[in-house]
1. Determine the shielding of peptide C:30-42 by partner chains: average, over its residues, the number of Cβ atoms on other chains within 10 angstrom of each Cβ.
2. Hey, rough spin-label estimate for residue B:53 and residue A:55, points 7 angstrom out along Cα→Cβ, what's it come to in nanometres?
3. Mind listing the long-range amide H neighbours of residue D:273? Cut-off is under 5 Å, sequence gap 5 or more, other chains count too, H placed in the peptide plane at 1.01 Å from N.
4. Between residue C:209 and residue D:277, with labels modelled 7 Å along Cα→Cβ, what's the label distance in nm to one decimal, could you check?
5. Computing the accessible area with a 1.4 Å probe over protein heavy atoms, can you report the carbon and sulfur percentage for the stretch D:2-131?
6. Cβ neighbours within 10 Å, averaged per peptide: list C:57-69, A:34-46 in order, most packed at the top.
7. Can you pull out the buried accessible area for chains A and D, both sides counted, probe 1.4 Å, rounded to the nearest 100 Å²?
8. Of the listed peptides B:177-188, D:195-206, what is their order by residue-averaged count of other C-beta atoms within 10 Å, with the highest listed first?
Number of protein chains: 4
Amino acid sequence: MNSDKNRDWKNKLHEIIYEADTPVGKLFDVVLLIFILASILLVMLESVNWIDARYHYWLNLGEWIVTILFTFEYIARIITVKKPLKYIFSFYGIVDFLSTIPKYLSLIFMGTHALVALRALRLLRVFRILKLARYLGASNQLASAIKASRAKISVFLFAVIIAAIIFGTLMYLIEGEENGFTNIPKSVYWCIVTLTTVGFGDIAPQTPLGQFLASIIMVMGYGIIAVPTGIVSAEYTRSASDREKKKEPEKPQLNTQSCQNCLVGNHRDHAEYCYNCGHNLHLE
Amino acid sequence: MNSDKNRDWKNKLHEIIYEADTPVGKLFDVVLLIFILASILLVMLESVNWIDARYHYWLNLGEWIVTILFTFEYIARIITVKKPLKYIFSFYGIVDFLSTIPKYLSLIFMGTHALVALRALRLLRVFRILKLARYLGASNQLASAIKASRAKISVFLFAVIIAAIIFGTLMYLIEGEENGFTNIPKSVYWCIVTLTTVGFGDIAPQTPLGQFLASIIMVMGYGIIAVPTGIVSAEYTRSASDREKKKEPEKPQLNTQSCQNCLVGNHRDHAEYCYNCGHNLHLE
Amino acid sequence: MNSDKNRDWKNKLHEIIYEADTPVGKLFDVVLLIFILASILLVMLESVNWIDARYHYWLNLGEWIVTILFTFEYIARIITVKKPLKYIFSFYGIVDFLSTIPKYLSLIFMGTHALVALRALRLLRVFRILKLARYLGASNQLASAIKASRAKISVFLFAVIIAAIIFGTLMYLIEGEENGFTNIPKSVYWCIVTLTTVGFGDIAPQTPLGQFLASIIMVMGYGIIAVPTGIVSAEYTRSASDREKKKEPEKPQLNTQSCQNCLVGNHRDHAEYCYNCGHNLHLE
Amino acid sequence: MNSDKNRDWKNKLHEIIYEADTPVGKLFDVVLLIFILASILLVMLESVNWIDARYHYWLNLGEWIVTILFTFEYIARIITVKKPLKYIFSFYGIVDFLSTIPKYLSLIFMGTHALVALRALRLLRVFRILKLARYLGASNQLASAIKASRAKISVFLFAVIIAAIIFGTLMYLIEGEENGFTNIPKSVYWCIVTLTTVGFGDIAPQTPLGQFLASIIMVMGYGIIAVPTGIVSAEYTRSASDREKKKEPEKPQLNTQSCQNCLVGNHRDHAEYCYNCGHNLHLE
């Protein structure tokens, strides 16, 4: 009976932490999102010299609060899952661990710069919350349009890269080292900067011939920027009219249940058992 | 009888100032638009040192003319409305007040720089005239297309910002302070500059690895610029074909009537009474 | 009889010069196009100091050849038209005159720089040849798509300019003169540079707050670049599907006849008389 | 009998080298692609001074390995084709030859810089492998959309160039040599940089009038960037819906057979004889 209560308590905690169907579960996700964003803000502010110099104490305090809360969350996640090892070595398990550990490590390795990279990993945790984005009902159609045009955009970008290498090599030969095109990789980098219409201007052609070729590259880039846009636009229109024909309303997937046994998500709305491992989703 | 005439006179003035259905009302709006734009031009010219030095007298004169005209307009608006307090504390009431006051304040606080900000607020008054834009018949469809795709573009821009933070942090770690990436916020700022293909070039990656990552960011930015465009394009096509199916001509809303009592607009074409408060729109 | 032959000769010359339906007329237009482009090339090369220094003799010679040919063409145009005064004071008449005169003027006013501007006007003559573009059969549909979306794009660009003024003023207040934002017009110029994703980088925000606002401007610009593209795309799709429904093939307008009397173009394919003045198009 | 075996062996080698229908043929293409990319990487790395200084021995070795493999491939291609001369003087024959020769030439002409250009030609060989891209099934539809809108985009880009020349000349006259607009070609180059929203910033307008004109150019460029995108998008949508109507699935062309006699490709799936020269495709 005690074990049953314990299990019941675990189940409820699992629902709160891993799912977002219940009010408490939603609240948990929102609070977690705020803490993740706050932790990212701390990393960003700490990198600004004068802020770190002035408010070091408060930043440090905030970092400890976040770290301790993340620690509790990490432990809770391990406890409520049936197969803790599977969670620990899952993608999000590792991200959760690496988001929590840097502050503890900083006690051992004082002032190590590289820990910033570890702490920046916390941002990946946001994607866990992106399941919230489903509520917006917008990302589904968007995702399918991108998915449908992914292959075509890849082919296109591949062609862009080949063009960048060819024109980059030509610019290297025309402009030479004295005008900033010191080697072919740098020249290719310049060519990508130009083709994508970013145009930093840290390197710019100086010779008339180089400027002429650059003009061709730019006009070409201007012409081809149309292609990926056209593809996504057409795919999106197609997917929208397909849905209309089938009379399917644009239904956001509201179900955020996650199996306690195998951690798989995307269950059907009234699913009682996990479609992956057969585990009962509601009771144990 | 006298009171009736007075009321009649007020009604006519209300129609002229708040509506644009009658020729005089239209003329008033056009004249007001010209004065608002002139007042903005004055603010802009005054900020140019050599122009201010040379033509200070004329700029000052122009500013006083505009201020006095705005004052009369403000008073007229208060008089012709039935509930002056409601107008005074409405959004446009406050904007109208703040557009008029800076010149008077400059008499008290001589040479205060911050008054420029107040005066720039005048530009917000242009939106009041944007009801004129309805005559162009174009903004309606445009607005609905933007509205329909607003949620999707928000999701998309949110993803862009997350990407900017992740790549910005990476660039900070790769390039470091010696190459201009002095802290993470600045690095994220650079990343947004690059992803949106603006590319100022005040900060530019110097290390080969940084340039390689920058290339990936740019090509990615180039690929994803397609997404919002595709969405708006598809929504716009859909809304256009929807309208065609319903045989609804693209009808601009010509009615600019505004209730004298509660200041609500968007009345139906032949409405006699305000749909919001029941006030008679034409007589009193 | 002699007068008849003379008239006949005039008619043929008129057909050659003003129309492009006959092989000789087409040839004339192509030759003229080449000479216009050559004359533009001469203007461009002459502006390059070292080229002018070395090849001044040849550039001068070429300029004289072009000028003399343009003179003959101008005289021929006057002779073959029935109402020479109407041609002389028409838009193209003035452009033709101004394209021919600079070299003669340079004999009187030696070395005047401003004549370059006059000579650059020659480029406007290219538009006369753009009637040739009709043969490409592509510009018609393109033009109609642009025409249909012109009003909407205008409304949109107007909104962009208002945004540029508001954000430009804000940036002026935030960054101030010490960071290059010396006055509001310059600040608005910077804002347009940024919103259109051009990003020269000659002026760039230096303060954190300025960079934050700049980020918002850029992301906004990135989001709204979608709008005009979406509009044109949708209009173009609609006009294409409209044409398909009507089973109208995409027919380029091949007729380039021009009335000898009133200079009006765009006649129907088998028109015998000018729709504007009733003049016989083929005989006299 | 011996000759038969020899012919059989040749046929098999031909299938492996020129076609990609068999597993070995596919493997050959993939291996070749890797070597081409490796050879390009070697050219790029060699141009970086410090890498060349440190790893010159290994780069040289790699270059020799690639050269020798390309030599074997070149010889194999000549042997297996029935009309070797036709191959040698075909486009790809010349590219293959020029990709192989530079290292041998470097033995004769020591340290000639221009050989880099020849070696960069290797990249063109990638297009031979692009027949592989057909497997992606994506490039077909993409190519047809670009093809359909090619003429329209050309007309458009032509208009962009004319605009660039007109505005470039104007900017030259307004800004003059002291602000970097040293001559008209450079000014036109700047104008293309601006119209395409690249914006290097190596040249930027300094005078208020120049900045005003630049603003107009940018807003115009912003408005017209919509046109090519709209065209491609509409063409793509049309081609996609055309295909759907005809119930034709988007079928990638899987056949990569190439005639041993006349080198022509694009044979039908079950073709036994070359459609161009009647040569038997499978046997001899």
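1. Working: counts 0, 0, 0, 0, 0, 0, 0, 1, 0, 0, 5, 3, 0.
Going residue by residue through C:30-42 and averaging, the value is 1.
2. Roughly 4.2 nm, to one decimal.
3. Under 5 Å from the amide H of residue D:273: D:281.
4. Inter-label distance under the simple model: 7.7 nm.
5. Details: 5370 of 7270 Å².
Whole-percent figure for carbon plus sulfur exposure: 74.
6. Details: C:57-69: 14.9, A:34-46: 18.5.
Ranking, from highest mean packing down: A:34-46, C:57-69.
7. Values: alone 17710 and 17760 Å², together 31590 Å².
So the buried area, both faces added, is about 3900 Å².
8. Numbers: B:177-188: 19.3, D:195-206: 24.7.
Ranking, from highest mean packing down: D:195-206, B:177-188.
The values are calculated or read from the model by the stated rules, or taken from the named source; none is laboratory data. On a predicted model such as this, the values are computed, not experimentally measured, just so you know. Here the Cβ is made from the backbone with ideal geometry for all residues, glycine too, and neighbour counts use every protein chain on show. Just so you know, the surface numbers come from the protein's heavy atoms only, side chains and all, with ligands and any DNA or RNA stripped out. Shrake-Rupley method; radii C 1.70, N 1.55, O 1.52, S 1.80 Å.
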